[in-house]
Amino acid sequence: MKGKRLLTLALSGVLAAGVALSMTACGGSDYDFTVWVPMVSTVVGKYADHQVFQKIEEISGKKVRYIHGEYTELEQMFSTNGYYDVMILNDAMPGFQGTYPGGIEKGIKDGKIIDISDKMETLAPNYSTIVQSEDAIKQEALTDSAKMTAFYEILQSEQGAWYGYMMREDWLKKVPGFGDGTQVTKLPETYDDWEIIMKKFTEFNGGKAPFFLYSKGVDPFNSISAGYDVTFDFQLDKEGKVAYGPYMDNFEEYLKRMQSWYKKGWIDKNFMLSTEYVAISDAVGGMNSEGFTEAKYGIFTQMYIYMTQYENTAKAFGNQNYSLIAVPNPKITSDQELHIRQKSPRAGNYAVITDKCKDVDGVMQWLDYLYSKEGQVLMNYGIEGVSYTMVDGKPYYTEIVTQNPQGYAPSDMVKKYSVQGFPSFVDSARELQAAKPKEIQAIEHTWTETSDADYILPVLSLTAEEGSRYAAIMTSLQTYTEEFIYNYIAGKNSITFDDFRAELKKRGIEDAIKIKQDAYGRWQNRVK
């Protein structure tokens, strides 16, 4: 451990509270402190090599050792004291595997996470001001006891739905009632509309099932089941109470619809194997020894940023007609209002400071810089003159991001030259600078304006006791549910939906619902 080193960051906002920034080396002789972050993509690479983090080191004079890992490692890391000075966590990961076992407050109680709430206004004025600026942010960035104990990645404004269904536009324009042969004249609204389209798509695609369905029987953001007001997960019902989608009456009606599509050959017989996003080869097509092979599916879910990428890939393979169009979530009737769609939380990944760190105050100030005006631009846009330029006082990505000379997708370049998933104040509109008109149409209109997200639960915090009980219930129950859904859709079930619900009750689903309801009540009370 070295002696204290004093330094001052001569940047506006950092010293807003008049606090001199000083740091003590927390980690070792060649770095000042450690930060554990989830594994990043090959596009991003290691944070030590990222231009933004290199710039932060240059500005602060602080050497940070970044350790990349997987969320699945966290439980063992905390139980064996193998964690680091700063840990980047996420409460929204399946099974709560992205957070401290039992939540932040349990980590504080255990003495492994430092309660920094009483220092936030003094040492982190930029961050504190942002959190206190809106109730919507406070609800997600505070603990159940209304403490500010972590630095969250916070969206500057609510983001539109960036994920939904796409259809082959080149096929849809040839479906009577939806196209005139040269252009799409109407988007499908109802499940019945989808059935007309899928029948035609099957013909266009040589008899292959045109609809991509995930193994859970519902897509990751429940777009296909939205018309039945059900999800595969915990949700809110029309009364505003917590419910479990597969335990709700309407879920059987949804399953009946999927079963009928399966019987008609519109869903792949092996859909249970589809545990990941649709493979690009299945969505676009590819090349073999005989030349171009047509895509497997004509309807699938994906992020808006992939529409142009998929189209360009298909054209590179020789399919010049390939095009995609975003379509709304299907309804039962055209006048129905939908309440389920993809919705981003205002607060995402977050940093906690652990008892491993020897200079908590200094690390708090280092993190707070990321929320200063200069820090915001750096995190969101990267380096001026490289990845962005200022135009009329606003940052805009350069062509290295929007029209990369090596042909990389703009979405990948945004990740490469700016930062995602790390504590900061995120300009959620930044990616639209690199988006094409049809992609902007998808996120701002087609997927967002046609549905609200009133039935989607926010990210909730469980107590240690609740977490243990919840995990004990859901571990086997979720697997049982997935198996039932697959067998129902495939027509292989030997039990009825009522029998299935009775088994869920026997396995404790109503206890799990109560746990979630209690947590939701605490979430609602955070800003009272």
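With the other protein chains left in place, how much accessible area per residue, in square angstrom, belongs to the stretch 372-528 at a 1.4 angstrom probe?
48
Considering Cα pairs under 8 angstrom that are at least six residues apart, work out the relative contact order of the stretch 146-239 and quote it in whole percent. Display every interim value, and only then the final one.
On the way: 54 pairs, mean separation 14.4, N = 94.
Across the stretch 146-239, relative contact order equals 15 percent.
Any idea what the relative contact order of the chain is, in percent, if you count C-alpha pairs under 8 Å spaced at least 6 apart?
23
Once you've got the Cα coordinates, tell me which of LYS186/LYS415; LYS264/LYS296; LYS106/LYS241 are over 23 Å apart.
Over 23 Å apart, Cα to Cα: LYS186/LYS415; LYS106/LYS241.
Let me check against my output: what whole-number percent is the relative contact order of the stretch 294-404, with C-alpha pairs under 8 Å and at least 6 apart?
9
Ignoring ligands, DNA and RNA, please state the percent of accessible area on the chain from carbon and sulfur, probe 1.4 Å.
48
Going down the table (LYS216/LYS528; LYS55/LYS358; LYS358/LYS416; LYS216/LYS516; LYS238/LYS514), which pairs top 27 Å between alpha carbons?
LYS216/LYS528; LYS358/LYS416
Kindly rank 448-456, 418-426 from highest to lowest mean number of other beta carbons found within 10 Å of each residue.
Most protected by this proxy first, the peptides run 418-426, 448-456.
Within 10 Å of each candidate Cβ there may be at most 14 other Cβ atoms; applying that plus a DSSP loop requirement, which trypsin sites (Lys or Arg not before Pro) in the stretch 103-209 survive?
Details: sites: LYS106, LYS109, LYS112, LYS119, LYS138, LYS147, ARG168, LYS173, LYS174, LYS186, LYS199, LYS200, LYS208; in loops: LYS112, LYS147, LYS173, LYS174, LYS186, LYS208.
Sparse-neighbourhood loop trypsin sites (Lys or Arg not before Pro): LYS186.
What is the local net charge at TRP36, summed over the other residues whose Cβ is closer than 12 Å to its Cβ (Lys, Arg +1; Asp, Glu -1)?
Net charge around TRP36: -1.
Going 7 Å from the Cα of GLU449 in the Cα-to-Cβ direction, what parts of the stretch 173-216 have a backbone nitrogen less than 17 Å from that spot?
Under cut-off, by backbone N: 185-189.
The values are calculated or read from the model by the stated rules, or taken from the named source; none is laboratory data. A quick note: this is a predicted structure, and the numbers were derived from the prediction, not measured. In this analysis, Cβ positions are derived from the backbone assuming ideal geometry, glycine residues included, and neighbour counts consider all displayed protein chains. Accessible surface is based on the protein model in full, side chains and every heavy atom, while ligands, DNA and RNA are left aside. Shrake-Rupley method; radii C 1.70, N 1.55, O 1.52, S 1.80 Å.
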